[in-house]
Amino acid sequence: MSARLAETRTVLSGLYQSGASKILLPRTSESALTAVLLNTAGGVTGGDRFTLSARAEAGSHLTLTTQAAERIYRAQPGEVGKVTTQLVAEPGASLHWLPQETILFDNCALRRRLQAELAPDASLLLVEPVVFGRVAMGETVTHGLFRDRIEIRRDGQLVFADATRMEGAISEQLDLPAVAAGHRAMASLVYVGADAERHLDPLRQILPECGGASLIRPGVLFARFLAPDSYLLRRSLIPMIDAIRRAPLPKTWTL
């Protein structure tokens, strides 16, 4: 999909969708365009393939979110689900990638990759919340596979890269003090923009104890934190998003 600036509002300029991947475009009073991603299959399992390409054209403001949390279900032996996302922000554009939680179930298998290409004066806000089993439901991700990679380039230069790999006895790994110390949810936040440094101290003030934020290079702010469960993760993440967006969260986050 692609979005363009039409006078003072961002509007849809192109859309192609097929299979279980759908995009909804709710009407809002904001000048930005919000696109809600919907997986009509109800989740991802081994052998599934999902691909998304989104472009914010020059001067536009595009927000991408999901209708609900994405569920990564049990996979058959040897089968892996793959999710690939490609984001582009052209000159003067602002792109916000705000999916709700990715919930991993026991014996899941997922390889996920996100690549973003930004113009020199474009900005990107990206969050990725991940939940290892729903604690309130008594779920435990004893074993599974989760590989996640994020790459962000500005004007063709790599400015941010992060990779997560958990395989085998995931629950035991999460219990290790140097990994998650028993926490079952984590979130990553990346903000790339000329004003990134201005958000560093306010973000540190609202981070939970088990988290940290750094300006890893000029114009690139990165934060990650852990939480015991999805409820506490969201309670910490939403104020962090609000502090940078300075705009209401998409309605799907509060339904």
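Quick notes on this structure:
- Built amide H within the under 5 Å cut-off of ARG184, gap 5+: ALA227, ASP229
- The C-alpha atoms of the chain define a longest principal axis, and helix 230-245 lies at about 20 degrees to it.
- ³J(HN,Hα) computed for each position of segment 91-108 - Karplus, 6.51 cos²θ - 1.76 cosθ + 1.60, integer Hz, glycine/proline x: x, x, 8, 10, 10, 10, 9, 10, x, 6, 4, 9, 9, 8, 9, 4, 6, 6
- Each residue of segment 79-87 was assigned a 3J(HN,Hα) from its phi angle through the Karplus curve 6.51 cos²θ - 1.76 cosθ + 1.60 (θ = phi - 60°); the sequence is 9, 10, x, 10, 10, 10, 10, 10, 10 Hz, with glycine and proline shown as x.
- For segment 33-108, taking Cα atoms only, Rg and Dmax work out to 14.6, 46 Å respectively.
- Set against the labelled values (i) 0.98; (ii) 1.14; (iii) 1.08, Cα Rg over 2.2 N^0.38 Å computed from this structure falls on (i).
- Sites matching trypsin sites (Lys or Arg not before Pro) across segment 1-88 that sit in DSSP coil, with at most 15 neighbouring C-beta atoms within 10 Å: ARG27
- Per DSSP, loop GluC sites (Glu not before Pro) in segment 60-128 with at most 12 further Cβ within 10 Å: GLU79
- Note that the chain presents 47 Å² accessible area per residue, ligands and nucleic acids not counted, probe 1.4 Å.
- DSSP-loop trypsin sites (Lys or Arg not before Pro) across segment 171-254, with at most 10 other Cβ within 10 angstrom: ARG246
- Protein accessible area in segment 51-115, 1.4 Å probe - carbon and sulfur %: 46
- Rounded to the nearest Hz, the phi-derived 3J(HN,Hα) couplings of segment 9-19 under the Karplus curve 6.51 cos²θ - 1.76 cosθ + 1.60 (θ = phi - 60°) are 10, 8, 10, 5, 10, x, 8, 9, 9, 7, x, where x marks glycine and proline.
- Percent accessible area from carbon and sulfur atoms, segment 154-255, protein chains only, probe 1.4 Å: 52
- Residues with amide H under 5 Å from that of GLY219, placed H, sequence gap 5 or more: ALA196, GLU197
The values are calculated or read from the model by the stated rules, or taken from the named source; none is laboratory data. Everything numeric in this text was worked out from a predicted model, so none of it was measured. Please note: Cβ atoms are built from the backbone with ideal geometry, for glycine as well, and neighbour counts cover all protein chains shown. Just so you know, the surface numbers come from the protein's heavy atoms only, side chains and all, with ligands and any DNA or RNA stripped out. Shrake-Rupley method; radii C 1.70, N 1.55, O 1.52, S 1.80 Å.
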